[in-house]
Structure formats: structure tokens, C-alpha cells
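Visitor: Below you will find the structure I want to go over with you.
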Amino acid sequence: MSMTWHDPVKLISLSWLLGLALLSPIAAESQVSTMETLLAPLDDGGYQLCTEPAPQDWHDGSGACLNILKQGTTLEGYYGYPHSGSFICLRGQLSENWLEGQGLVISWAGNAWQDIPQETFIWDHPEERLSLSQGKLVRSEGVAEEQVRWIIFQTARLNMQSMYLYDRPRMTSPMQLCDWSLE
């Protein structure tokens with residue numbers, strides 16, 4: 001039995017299905033919870049969120065990623081780019097879609113911070129999710145090319161809205177990269 005475009009019941013059914021197919025990404029997007037809603041009820045533990053979906057290969061993450069340890073609404077971890085030395089340690093509180101707290105940067109020859117900004121600036125381009133301000137040098141070791149500096153930013157704000165929650169952390173544990181005992 002073939003369908004003709006003049007059959008109103010079949011035409012309405014086809015229109016409804018076509019409309020549903022076209023609207024499904026919008027409907028799915030409107031059902032996505034904020035990160036607070038998503039993270040708040042999760043058990044304490046380790047989580048990874050990235051700006052891109054989980055890669056289906058050997059990569060640890062895609063886009064800019066946040067690797068965190070969650071304890072209630074307290075988050076501690078780092079945000080940066082997988083397979084690079086470009087990351088910022090973060091610790092703070094979950095507040096709606098935001099992680100609000102402090103940032104820690106380790107500066108070395110390959111990742112040198114010449115100036116320590118006091119004013120608010122955006123760290124990650126083009127994502128523009130992380131703002132830092134009120135930087136302070138808390139420790140320095142070595143000289144010239146061998147110098148390593150630890151800089152704490154008293155204010156760090158990371159927008160976690162619309163980030164993808166991976167099924168498990170793939171990146172290096174925050175405990176291995178972020179040493180907050182320098183304060």
C-alpha cells in the first residue's frame with residue numbers, strides 16, 4: 001500500500017515525525033541540566049568535564065577540560081588542554097554553573113608568566129570560560145631558565161555550563177599536578 005500526499009492522516013503523521021526529528025536536538029538541549037544540577041547529586045569522587053564530547057580514540061579529552069575531585073559542593077582539580085602543559089589548578093565551591101574559588105599556576109621556562117596580573121583577565125581563548133584576578137607570587141625556585149614560580153590567583157571563576165561529563169576521568173589525577181601546600 002503506497003502513501004499519497006493527499007492522505008491527510010498519513011501526511012499529519014509524517015509531518016509530526018519530521019517535526020519531531022527536526023526539534024529533537026532543541027528538545028534534548030533544553031533538557032540538559034546545569035552543571036550544578038548535574039554535579040550536585042553525584043557521589044563524591046573524581047570527574048572530568050570537557051568542552052567537546054569524549055574522543056573515541058586514545059586522547060584523554062577534547063577541547064578544554066576540567067578534571068576535579070568533588071567533596072559535597074567543594075571542587076578541587078585543574079582546567080586546561082589535554083596533552084599540553086597549559087593548565088590552571090582550581091579549588092572552590094560549586095555555585096550553579098560555576099566553580100568559584102582560587103587558581104594556582106606553575107610557571108617555568110616552557111610556560112613562563114613574566115607578569116602577574118592583578119586585574120581580571122580571561123585565561124582560555126577561544127573558550128573564554130575561566131577568568132582569573134588578584135595574582136600573587138607565593139614561591140620561586142631557581143634562576144634564569146631554571147626558575148619555577150608558583151602564582152596563586154585569589155579569584156578564579158570557571159563557567160561549566162554546557163560542558164560534557166565524561167564517563168570517567170581520563171587525565172592525570174589533580175593530586176599529581178596541583179600542590180596547594182605552598183601558601
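No lab work stands behind these numbers, since they all come straight from the coordinates. Keep in mind the model is a prediction, meaning the values are calculated, not measured. As a convention, Cβ positions derive from the backbone with ideal geometry for all residues, glycine included, and neighbour counts pool all protein chains shown.
Visitor: Determine, for each peptide in 61-68, 138-145, 126-133, the mean count of other beta carbons within 10 angstrom over its residues, then list the peptides with the highest first.
Guide: Ranked from most to least packed, the peptides come out as 61-68, 126-133, 138-145.
Visitor: If you don't mind, another one. How far is it, in nm, from the label point at Trp58 to the one at Gln134 when both lie 7 Å from their Cα along the line to the Cβ?
Guide: For Trp58 paired with Gln134, the spin-label model returns 4.4 nm.
Visitor: Provide the FRET efficiency to the nearest 0.05 for the Trp108-Ser173 pair, computing r from the beta carbons and using R0 = 30 Å.
Guide: On the way: r = 20 Å, r/R0 = 0.67.
It comes to 0.90.
Visitor: Pull out the extension gain between Asp43 and Thr155, defined as 0.36 nm times the separation in residues minus the alpha carbon to alpha carbon distance; nm, one decimal.
Guide: My answer for the length gained is 37.7 nm.
Visitor: What is the spin-label model distance, in nm, from Leu182 to Tyr164 if the labels are put 7 Å beyond Cα along the C-beta direction?
Guide: Rounded to a tenth, the inter-label distance reads 3.2 nm.
Visitor: When the Karplus curve 6.51 cos²θ - 1.76 cosθ + 1.60 is applied with θ = phi - 60°, which whole-Hz ³J(HN,Hα) does each residue of segment 92-97 get, with x for Gly and Pro?
Guide: Ordered by residue, 3J(HN,Hα) equals x, 10, 7, 9, 6, 8 Hz.
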